[in-house]
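Novice: First, the structure itself, so that you have it in front of you.
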Amino acid sequence: MLNYTDYFSATYMAARSKFRQAVSGVNGKIAHYVHPDALGALGEVLTIDVAHVGNPQGSKQLVMISGTHGLEGFAGSALQVGWLYYLAKASLASDVGVLLIHGLNPYGFSHGSRTNAGGVDLNRNFIDHSDPPRSNGHYEELHPYFSPSRWDAVSRSECEAATTAFRTKHGEDAYFDAFACGQYLFPDGVCYGGTEATWENLRLQEILTSFIGHAEKVAVIDWHTGIGVHGRPFHLVFSERDSEARKQTSNWWGDQNVNGALPNNRVQPNYKGLVFRGVEKFLPNSTVAGGVVELGTRGPIAADQAIRQDLWLRSYGQHLSEDTRSQLHTDLLDSLNPVSYLWRELVLKNGLPIIKATTDGLTNW
Ligand SMILES: [Zn+2]
């Protein structure tokens, strides 16, 4: 039986230590990339930690990322650590390597935020910033209600009424798309993709190019939390219909999971600037399959609320009382990294077989 506390951690520092410890038990190359100007919540140096195991020269490589959305990294970190302990007693096919990237957004991981030190949603940052999207669709009309200038009961009621009216008029799918697809105009808004490639973006390019630039076939698992049923995986795949990458991914993760399921019963937003798009761009000689795997927490409304809480804390946190700030932050943390052992055991039980299915799938690709 898995003892979840061996894999999950209470802080970014502990998670990084567990990752480094687990890497030391297997043969592999390691590297650390130090954040140039931000420190962690405990004053610690922030790093992206990388381990490359299996055959580093293999033509098939799995890239497994935790912490793209900062605090969501606790689950991804636990799965990376759990898989490394599994690997210490198992082996990979001779032409397969696995590149583990721990804490891609270490600032958010340490500070308990989805975004980086500049308030950028890293999973919307991988666009061509010389030619950003011209339209932000419905986002502009909703922005004042996602990011109100005050945070009190009256303001919250007004925002709730406005967003409910939008949902009634345009439907739940349009609301989800406006909320989540990514926007490039409002730095104080949700899912803000920034104006240039962030430090994390540039490091990912450096890591992929130097470690697996030679690979022909690449699988991606970018671990996230918040979408789906409590403790259950939800697969978000972005490859074209009928593409080789999508066909492979369906084989590994299940056709219904990849092509038939809707995220929190809503149509998948037209996401812009995903890490997955970055991987495709940085590895121009590879066929890139896989995508995001989410672990569900509280369902749709609570996940949206968590993203807004994150924003409010960033925008008005200094104006809130210590007690209010603490309550909001604790709720945000529990929304995307539930404390309960029930959830954490489900993450390990449901997540580890997905990694095995992916490496097996790569072997047979
Ligand atoms: Zn996420």
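What follows draws every value from the coordinates through simple rules; no lab data is involved. Since we're looking at a predicted model, the values are computed, not measured. Please note: Cβ atoms are built from the backbone with ideal geometry, for glycine as well, and neighbour counts cover all protein chains shown.
Novice: Write down Rg/Rh for the range 203-276, rounded to two decimals, with Rg from the C-alpha atoms and Rh from the Kirkwood relation over Cα pairs.
Specialist: Rounded to two decimals, Rg over Rh is 0.99.
Novice: May I pose another question? Treating the beta-carbon of each Lys and Arg as +1 and of each Asp and Glu as -1, no other charges, what is the dipole magnitude of the range 22-116 about its Cα centre, to the nearest 20 debye?
Specialist: With only Lys, Arg, Asp and Glu charged at Cβ, the dipole is about 240 debye.
Novice: Suppose we keep just the alpha-carbon trace of the range 43-200; what are its Rg and Dmax in angstrom?
Specialist: Rg then Dmax for the range 43-200, in Å: 19.7, 62.
Novice: Now for a different question. Expressed in whole Å with the largest first, what are the equivalent ellipsoid semi-axes of the chain derived from the C-alpha gyration tensor as the square root of 5 times each eigenvalue?
Specialist: Working from the Cα gyration tensor, I get semi-axes of 32, 23, 20 Å.
Novice: Here's another thing I want to ask about it. Which angle between 0 and 90 degrees, to the nearest 10, do you get for helix 322-336 versus the longest principal axis of the chain when only C-alpha atoms count?
Specialist: The angle comes out at about 40 degrees.
Novice: About the Cα centre of the chain, what is the dipole size in debye to 20, counting +1 per Lys and Arg Cβ and -1 per Asp and Glu Cβ, all else neutral?
Specialist: Charge dipole of the chain: 720 debye, to the nearest 20.
Novice: Just grab the label-to-label distance for Leu262 and Lys281, each label 7 Å out from Cα along the Cβ direction, in nm (one decimal).
Specialist: About 3.1 nm separates the two model spin labels.
Novice: Using a 10 Å cut-off around each Cβ, can you sort Thr5, Thr359, Thr287, Thr115 from fewest to most neighbouring Cβ atoms?
Specialist: Ranking Thr5, Thr359, Thr287, Thr115 by Cβ neighbours within 10 Å, fewest first, gives Thr5, Thr287, Thr359, Thr115.
Novice: I would also like to ask the following. What ranking of Met64, Met13 emerges when the number of other C-beta atoms within 10 Å of each C-beta is taken as an exposure proxy, fewest first?
Specialist: Ascending Cβ contact count within 10 Å gives the list Met13, Met64.
Novice: Need the list of lysines near Lys356 for cross-linking: C-alpha distance under 22 angstrom, and skip anything on the same chain fewer than eight residues off.
Specialist: Partners within reach: Lys18, Lys29, Lys60, Lys89, Lys217, Lys247.
Novice: Considering only the range 214-329, what is the antiparallel percent among its DSSP beta bridges, to the nearest 5?
Specialist: In the range 214-329, DSSP labels about 35 percent of beta bridges as antiparallel.
Novice: If you average 1/r over every pair of different alpha-carbon atoms in the range 292-365 and take one over that average, what Kirkwood value in Å do you get?
Specialist: Mean inverse Cα-Cα distance, inverted, gives 14.5 Å.
Novice: Per 0.36 nm of contour for each residue apart, how much would the distance between Asp131 and Thr209 grow if the chain were fully extended, relative to their Cα-Cα spacing?
Specialist: 25.7 nm
Novice: Next question. Between Gly103, Gly290, Gly25, find the one with the highest GNM mean-square fluctuation for the chain; connect C-alpha pairs within less than 10 Å.
Specialist: Sorting by GNM fluctuation, first place goes to Gly25.
Novice: On to the next question. Going by C-beta contacts inside 10 Å, put Arg266, Arg156, Arg232 in order with the fewest on the left.
Specialist: The fewest-first ordering by Cβ neighbours comes to Arg232, Arg156, Arg266.
Novice: Which value in nm describes the separation of the simple spin-label points at Glu158 and Arg20, placed 7 Å from the Cα toward the beta carbon?
Specialist: 4.9 nm
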